[in-house]
Amino acid sequence: MSELSLSVGGKSYVGWQSASVTWSIRQLAQSFSVGFTERWNELAEAIPINEGDSVNVKLDNETVINGYVDDSDLSYSAGSHQANIRGRSVLGDLVDCAAIYKSGLWRNTGLRTIAESLCDPFEIDVVVAANLGRSFRRFALQDGESVHDALERAARMRGVLLMSTKEGALQFTRAGSRRVGDVLKRGNNIKSGSRQGSMRDRYSIYIGKAQIPGDDSISGKDVTLKRTETDARVRRYRPTVIMAENEDTGAELQDRMTWERNRRAGEAREVTYVVQGWRDRSGDLWEPNTLIDVDDDWFRIHERLLIVGVTYSQTVTEGSTTSLVLSRKEAYDLIDMPPPKPSKQGEDFYA
């Protein structure tokens, strides 16, 4: 039987009535939650797990989180005692804590170096699995922003993703190319499915603007940049203006608008499937940023999609299940979206 364990202070704890782990390319730090309620036993000891404790979370003896306990809620009554424990990977500190670095300004510095400068005080490694583009001519911290906010802002300018590895390193990446051997098929291995769609945050035209301080090599009209990107699937006039977060070149500003269009299109339509167990057909844990073929006649999806996020769950009634959030790969890469399909070819996933 599948088992989720917490290792704290050299001791491993199992046997939760409910447990879950969430890992996503949209969420920098993986998170976990476990809980139990049982009838009172006078000989039972209070579970010795406290907020701030270092924790290692394993699924079937495979590490998925190295991190800390954020919250530990313990209670008892005349007939029972309860425990609910929640936490995140070590990258949770990057989400919570302020970005501090000398003067807070880098010149002619690459993204990796900036990330290493900010992560080093937290003893967090930086892993690069994508082309990070050219160095920043100038990158400055904003007052009060967190490390995550600063790095996410920089990553957005270079069209890359931030996510955590299972070991707890910060990884720069783009949409993955590794394909899971399974096929998600309605009536076969899908326990339940849901589809979410919205047009609220999508626009027909994205107008990017940037202002570059002039110097001896650049002046006049060259210090003001404007680039546009269109979304052919938004069929009415819906413009938006986005001010660049940094001093970009024209090519970088164009990439920024492509990234903005793709991300908004991808996040506007997603599907979520629940499958039994935590592992795919090959025996590997389901992981975000991998590709999976989908055959769902109800949602009219017959294509390869990107696993954006996974939540491993276990309860006494449902056993072990995994919730998979899927979107198009183009939503997380600097590539053009495919053109809209004619209606006779079926529904367009981005439509």
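The values are calculated or read from the model by the stated rules, or taken from the named source; none is laboratory data. Since we're looking at a predicted model, the values are computed, not measured. Backbone-built Cβ (ideal geometry, glycine too); neighbour counts: all protein chains shown.
Observations
- Filtered residues of segment 76-92 (kept if of a type in the set (Gly, Ala, Ser), at pLDDT below 95 and in a strand (DSSP E or B)): Ser80, Ala83
- Filter result (of a type in the set (A, V, I, L, M, F, W, C) and either more than 21 Å from the chain's Cα centre (by Cα) or over 18 Å from Met157 (Cα atoms) (or both)) within segment 229-264: Ala232, Val234, Val241, Ile242, Met243, Ala244, Ala251, Leu253
- Test: residue in segment 96-113 that is surrounded by 17 or more Cβ atoms within 10 Å (Cβ to Cβ), farther than 17 Å from Leu28 by Cβ and outside the structural domain of Trp23 (by TED's automatic domain parsing): yes
- Applying a threshold of 7 Å to beta carbon distances and a minimum spacing of six or more residues, or different chains, the list of pairs starting in segment 63-77 at a residue that is assigned by TED's automatic domain parsing to the domain that holds Thr37 and ending at one that is of a type in the set (Asp, Glu) and surrounded by 14 or more Cβ atoms within 10 Å (Cβ to Cβ) reads Asn66/Glu167; Tyr68/Asp53; Val69/Asp53.
- The residue that is surrounded by the fewest Cβ atoms within 10 Å (Cβ to Cβ), among those in segment 261-310 that are without any contact (Cβ under 8 Å) to a residue 60 or more places away in the chain and under 19 Å from Asp333 (Cβ atoms), is Glu303.
- Of the criteria (1) surrounded by 15 or more Cβ atoms within 10 Å (Cβ to Cβ); (2) in contact with a strand residue (DSSP E or B) (Cβ under 7 Å, 6 or more places away or on another chain); (3) farther than 26 Å from Leu253 by Cβ, which one Val126 fails: (3)
- Taking the listed residues Leu141, Leu118, the one that is under 22 Å from Leu28 (Cα atoms) and in contact (Cβ under 8 Å) with a residue 40 or more places away in the chain is Leu141, with no other qualifying.
- Residue match in segment 37-46 (condition: in contact (Cβ under 8 Å) with a residue 40 or more places away in the chain, farther than 27 Å from Thr272 by Cα, outside the structural domain of Val147 (by TED's automatic domain parsing) and among the hydroxyl-bearing types (Ser, Thr, Tyr)): yes
- Counting only strands (runs of 3 or more DSSP E) that fall entirely inside segment 93-189 and contain at least 2 residues that are of a type outside the set (Gly, Ala, Ser) and in contact with a helix residue (DSSP H, G or I) (Cβ under 9 Å, 6 or more places away or on another chain), the qualifying elements are 105-109, 126-128, 136-140, 161-164, 170-173.
- Taken over segment 9-20, the criterion of being surrounded by fewer than 18 Cβ atoms within 10 Å (Cβ to Cβ) and closer than 13 Å to Arg86 by Cα is satisfied by Ser18 alone.
- Scope segment 242-252; condition touching a Leu at 6+ places or on another chain (Cβ under 7 Å) and crowded, with 21+ Cβ neighbours inside 10 Å; matching residues: Asp248
- Positions within segment 238-288 being assigned to a loop (DSSP other than H, G, I, E, B) and of a type in the set (Ser, Thr, Tyr), in sequence order: Thr249, Ser282
Yes/no per residue for (1) at pLDDT 90 or above; (2) of a type in the set (Gly, Ala, Ser); (3) in contact with a strand residue (DSSP E or B) (Cβ under 9 Å, 6 or more places away or on another chain):
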| residue | (1), (2), (3) |
| --- | --- |
| Ser117 | yes, yes, yes |
| Pro121 | yes, no, no |
| Asn131 | yes, no, no |
| His148 | yes, no, yes |
| Ser164 | yes, yes, yes |
| Asn188 | yes, no, yes |
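- Taken over segment 179-210, the criterion of being of a type in the set (Ser, Thr, Tyr) and surrounded by 13 or more Cβ atoms within 10 Å (Cβ to Cβ) is satisfied by Tyr203, Ser204, Tyr206.
- Residue within segment 164-176 that is crowded, with 16+ Cβ neighbours inside 10 Å and more than 24 Å from Thr290 (Cβ to Cβ) present: no
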